[in-house]
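To start, the structure itself, in structure tokens.
Coordinate-derived values only; no laboratory data. Model, not experiment: these values are computed from the prediction. Every residue, glycine as well, gets a Cβ built from its backbone with ideal geometry; the counts of neighbours run over all protein chains shown.
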Amino acid sequence: MPVTWSDEVQSVFAGDLVTVSAYLTPAGGAVVVPVSPVGLVDRDAGSVAMTTSLAFPGKLKRLLQEPRVAMAYHTREHGFATSSRLVLAQGTAVVPAEPSPQQLALVTEQAGRFFGDLPTGRFWNWALREYVEHRLVIDIPLIRVVSWPDPHATGTPDVSGAPQPEPPAAQKPPAKGTGPRVDTAKFARQARKMPHHVIAYRGGDGYPVIAPVRVTGHSERGLHLDVTPGLLPPGGRRAGFAAHAFRPQAAGVSNRIGTGWLEVTDDTAVWAPHTAGGFSSPPNKTLHLLGNGLLSKYLIRKLRRTGALDELARARAEMRGEQQAGREQGADR
């Protein structure tokens with residue numbers, strides 16, 4: 001049976017302009033990145049969805065290897081949601097073999113509601129072709145929906161679908177040590193300029209968990225986090241962090257993301273960054289679109305020249321074949 005949820009949660013799924021998604025790393029950690037899901041939700045099927053560009057294949061390759069993902073709907077800025085609830089959705093990503101014209105048409109329609117209509121004309125049709133057409137819609141049939149009354153995840157959560165697992169055990173420290181490997185002061189300074197902070201880790205049942213936090217300072221150990229007591233499991237573990245900001249219609253996007261080591265005790269939570277990345281886009285919507293379009297065009301052409309685009313298509317087709325075989329075997333039983 002599909003997972004069900006309340007009207008309040010539905011308004012969040014259908015209305016948030018920017019959320020974050022998390023996927024797992026081979027080492028047992030998590031990467032968390034801001035995304036714009038443009039209200040893609042199928043309540044009857046018990047699923048949400050997100051899009052990803054073939055121009056940036058790193059996340060897609062990882063989802064083909066490990067499809068367990070999570071989405072956290074944690075911001076109400078500039079969107080349409082009528083509820084203040086924080087919502088965590090966990091499920092298994094279904095990566096299509098090829099872009100679907102029908103789904104892309106739906107994404108374009110939904111994107112117009114959130115971002116405004118795309119510019120048209122001969123130049124813009126050329127500039128945005130790869131950005132629009134080389135995009136996959138990734139469905140995420142949900143196994144669990146957890147929501148809290150407020151964005152800080154205080155109070156008793158409502159859980160739909162699979163029961164929440166026991167907190168995961170602490171992980172073995174990495175061989176290179178747990179301390180910071182990038183400029184912690186710089187990372188903390190950049191993160192604190194942005195209003196939204198989250199951290200993600202591998203949960204007790206293997207699905208990513210995303211929690212809201214707030215960077216309050218830093219030391220030689222890493223970034224010091226303010227978090228609702230009991231929200232993060234005790235001990236040390238690999239974890240991903242993201243800070244982000246955005247303006248109306250998702251213009252002026254900025255983020256700072258990284259992977260690292262999280263240490264949680266009774267009264268402290270400290271995250272030591274091991275990798276760091278991020279970007280800022282111009283607040284002008286036209287420049288933002290033009291930059292995305294031209295970058296997508298360049299990267300798609302590069303991937304096509306090297307054969308990487310065809311290799312990725314073969315991997316997606318193989319995954320779809322394995323999924324179909326699994327469904328048929330299940331039906332035979």
Q. Considering only Met1, Pro173, Tyr131, whose Cα is most displaced toward the positive end of the charge dipole of the chain, charges sitting on Cβ of Lys, Arg (+1) and Asp, Glu (-1)?
A. Tyr131
Q.
Based on alpha-carbon centroids, what's the gap between segment 232-274 and segment 166-184 in Å, whole number please?
A. 13 Å
**Q.** Length released on extending from Thr82 to Asp205, taking residue separation times 0.36 nm less the Cα-Cα span
**A.** 41.2 nm
Q) Hey, what's the per residue convex hull volume over the C-alpha atoms of segment 159-234, in cubic angstrom? A) 118 Å³
Q: Would you list the P(r) distribution for segment 1-155, with all Cα-Cα distances sorted into 10 Å bins from 0 and each bin expressed as a whole %?
A: 10, 39, 36, 13, 2, 0
Q | Separation between Cα centres of segment 101-140 and segment 276-305, rounded to whole Å | A | 14 Å
Q) When ranked by the protection proxy of mean other Cβ atoms within 10 Å per residue, highest first, what sequence do the peptides 105-111, 213-219, 169-175 form? A) 213-219, 105-111, 169-175
**Q.** Cα gyration tensor shape for segment 190-333, rounded if a/c is under 1.5, else prolate or oblate
**A.** oblate
Q. How large is the helix-only mean residue ellipticity at 222 nm for the chain, computed as the sum of -39500 (n - 2.57) over DSSP H runs with n ≥ 4, divided by its residue count, in deg cm²/dmol to the nearest 500?
A. -9500 deg cm²/dmol
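Given N residues in segment 130-196, what is Rg(Cα) / (2.2 N^0.38 Å)? If you can, show how the numbers build up before the last one.
Values: Rg = 19.1 Å, N = 67, 2.2 N^0.38 = 10.9 Å.
Compared with the compact-globule rule of thumb, segment 130-196 sits at 1.75.
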Q. Quick one: Ile140, Ile257, Ile300, fewest Cβ neighbours within 10 Å first, how do they rank?
A. Ile300, Ile257, Ile140
Q: Please work out the FRET efficiency for the pair Thr265 and Asp150, using the Cβ-Cβ distance as r and a Förster radius of 25 Å; give the result to the nearest 0.05.
A: 0.50
Q: Between beta-carbons, use under 10 Å as the cut-off and find the net charge around His152, counting Lys and Arg +1, Asp and Glu -1.
A: -1
Q) How large is the dipole of segment 10-161 about the Cα centre if only Lys and Arg carry +1 and Asp and Glu carry -1, each at its Cβ, rounded to the nearest 20 debye? A) 260 debye
Q: Using Cα positions and a limit of under 23 Å, work out the lysines in reach of Lys285, with same-chain residues fewer than 8 apart set aside.
A: Lys193, Lys297
Q.
Which lysines, if any, have their Cα less than 16 Å from the Cα of Lys59, not counting same-chain residues under 8 positions apart?
A. none
Q: May I ask which residue of Ala242, Val48, Val20 lies farthest towards the positive end of the charge dipole of the chain, with charges of +1 (Lys, Arg) and -1 (Asp, Glu) on Cβ and the Cα centre as origin?
A: Ala242
(Q) For a quick check: sort Phe187, Phe115 by the number of other beta carbons within 10 angstrom, fewest at the front. (A) Phe115, Phe187
Q. In which sequence would Tyr207, Tyr73 go, from the one with the fewest C-beta neighbours within 10 Å to the one with the most?
A. Tyr207, Tyr73
**Q.** Thr4-Arg122 pseudo-label distance in nm [points 7 Å out on the Cα-to-Cβ vector]
**A.** 5.6 nm
Q: May I ask for the Kirkwood hydrodynamic radius of the chain, worked out over all distinct Cα pairs and given in angstroms to one decimal?
A: 20.6 Å
Q: Report the percentage of all Cα-Cα pairs in segment 250-317 whose separation exceeds 18 Å, rounded to a whole percent.
A: 65 percent
